[in-house]
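Visitor: Here you go, one structure.
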Amino acid sequence: MVIITAGMIGVGKTTLTAKIAEHLNTKAFFEPVGENPVLPLYYRDPKQYGFLLQIYFLNKRFSMIKQALTDDNNVLDRSIYEDALFTRENNSEGNITDTELNVYLSLLDNMMNDLERLPKKAPDLMVYSETDFDTILYRIKKRGRDYEQIDANPELKDYYYKMWSAYKQWYQDYDASPKMKIDLDKYNLEDERNVAAVLAMIDDRLKEIR
């Protein structure tokens, strides 16, 4: 089985991905953040680095999904299927031009067509995590990445809220695979009892799919 996790930054995807991978005794692919040389530049000047950041992420996510679908037994922390959500938001914010957006979408389309040539063409399950917006802000602050903090850049709060709202519609529209939603306010993964409950829900959903 190939499982992808999705959701807003700060929601708890990385923790959930690690728990699922450990539970299923498989490999976790994590989003390239710490080693991303473009991300801090983007937060300082999104108009200059918006397109470069999206191409960087697209390249990494394409490589990850190809490997995962080829191995057919992995868990991915975010994936190529939600990549365009960020690119379109950058375009609406004026960080990416219409021409750059069209170039990106054409490249994305070519990549998705390439995935159709693989024996396994899509994930088996997408696990979407959500919390309320205040929890998102708390967890972003708690993990302490300087360039993500709204104290230093108050405009980020509006950006985070737009992405938090956009993700709700993205989940409704997602149709690349079976999906499920986990409330990580209700099931805070700092409590091992909640971890067990979430993993049991995922197991039940996988049984339905199988």
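Derivation of every value follows stated rules applied to the coordinates shown; laboratory data play no part. Remember, it's a predicted structure, so these values are computed and weren't measured experimentally. So basically every Cβ, Gly included, is an ideal-geometry build from the backbone, and we count neighbours across all protein chains shown.
Visitor: I'd like the full set of residues that are in a helix (DSSP H, G or I) and surrounded by 11 or more Cβ atoms within 10 Å (Cβ to Cβ), limited to region 183-199.
Guide: Let us first name the residues in region 183-199 that are in a helix (DSSP H, G or I), namely 192-199.
The answer is Asn194, Val195, Ala196, Ala197, Val198, Leu199.
Visitor: Just give me the residues in region 28-47 being surrounded by 15 or more Cβ atoms within 10 Å (Cβ to Cβ) and in a helix (DSSP H, G or I), in sequence order.
Guide: Of everything in region 28-47, those that are surrounded by 15 or more Cβ atoms within 10 Å (Cβ to Cβ) and in a helix (DSSP H, G or I) turn out to be Leu39, Leu41, Tyr42, Tyr43, Pro46.
Visitor: Could you list, in sequence order, all residues of region 104-135 that are closer than 19 Å to Asn74 by Cβ and part of a strand (DSSP E or B)?
Guide: Leu125, Met126, Val127, Tyr128, Ser129 - these are the residues of region 104-135 that are closer than 19 Å to Asn74 by Cβ and part of a strand (DSSP E or B).
Visitor: Follow-up question, since we're still on this one. What pairs can you find where one residue is in region 21-32 and free of Cβ contacts under 8 Å to residues at least 60 places away in the same chain and at positive phi, the other is among the charged types (D, E, K, R) and assigned to a strand (DSSP E or B), and their Cβ atoms are less than 7 Å apart, with a gap of 6+ or different chains?
Guide: Going by the 7 Å Cβ cut-off, there are no qualifying pairs.
Visitor: Can you pull out every residue in region 1-30 that is of a type in the set (Lys, Arg) and farther than 17 Å from Gln67 by Cβ?
Guide: Listed by number, the residues that qualify are Lys13, Lys19.
Visitor: (1) farther than 22 Å from Gly50 by Cα; (2) assigned to a helix (DSSP H, G or I); (3) over 18 Å from the mean Cα position of the chain (by Cα); (4) free of Cβ contacts under 8 Å to residues at least 24 places away in the same chain: which one isn't true of Gln169, the others all being true?
Guide: (3) is the only condition that Gln169 fails.
Visitor: Consider region 48-102. How many of its residues are buried (at least 18 other Cβ atoms within 10 Å of the Cβ) and not in a helix (DSSP H, G or I)?
Guide: 8
Okay, residues lined up against (1) closer than 25 Å to Val198 by Cβ; (2) of a type in the set (D, E, K, R):
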residue	(1), (2)
Thr15	yes, no
Glu31	yes, yes
Tyr43	no, no
Pro46	no, no
Lys66	no, yes
Arg78	yes, yes
Leu85	yes, no
Asn90	no, no
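Visitor: Further, regarding this structure: Does Ile202 meet the test of being of a type outside the set (Phe, Trp, Tyr), assigned to a helix (DSSP H, G or I) and crowded, with 16+ Cβ neighbours inside 10 Å?
Guide: yes
Visitor: Moving on. Determine if region 202-210 includes at least one residue that is among the charged types (D, E, K, R), more than 18 Å from the chain's Cα centre (by Cα) and under 30 Å from Tyr43 (Cβ atoms).
Guide: no
Visitor: Here's a follow-up. Could we say that Thr15 is within 18 Å of Met163 (Cα to Cα), under 13 Å from the mean Cα position of the chain (by Cα), not in a loop (DSSP other than H, G, I, E, B) and not small (Gly, Ala, Ser) here? Break it down into steps so the answer makes sense when it comes.
Guide: On the way: within 18 Å of Met163 (Cα to Cα): no; under 13 Å from the mean Cα position of the chain (by Cα): yes; not in a loop (DSSP other than H, G, I, E, B): yes; not small (Gly, Ala, Ser): yes.
Considered against the rule, which asks whether it is within 18 Å of Met163 (Cα to Cα), under 13 Å from the mean Cα position of the chain (by Cα), not in a loop (DSSP other than H, G, I, E, B) and not small (Gly, Ala, Ser), Thr15 comes out as no.
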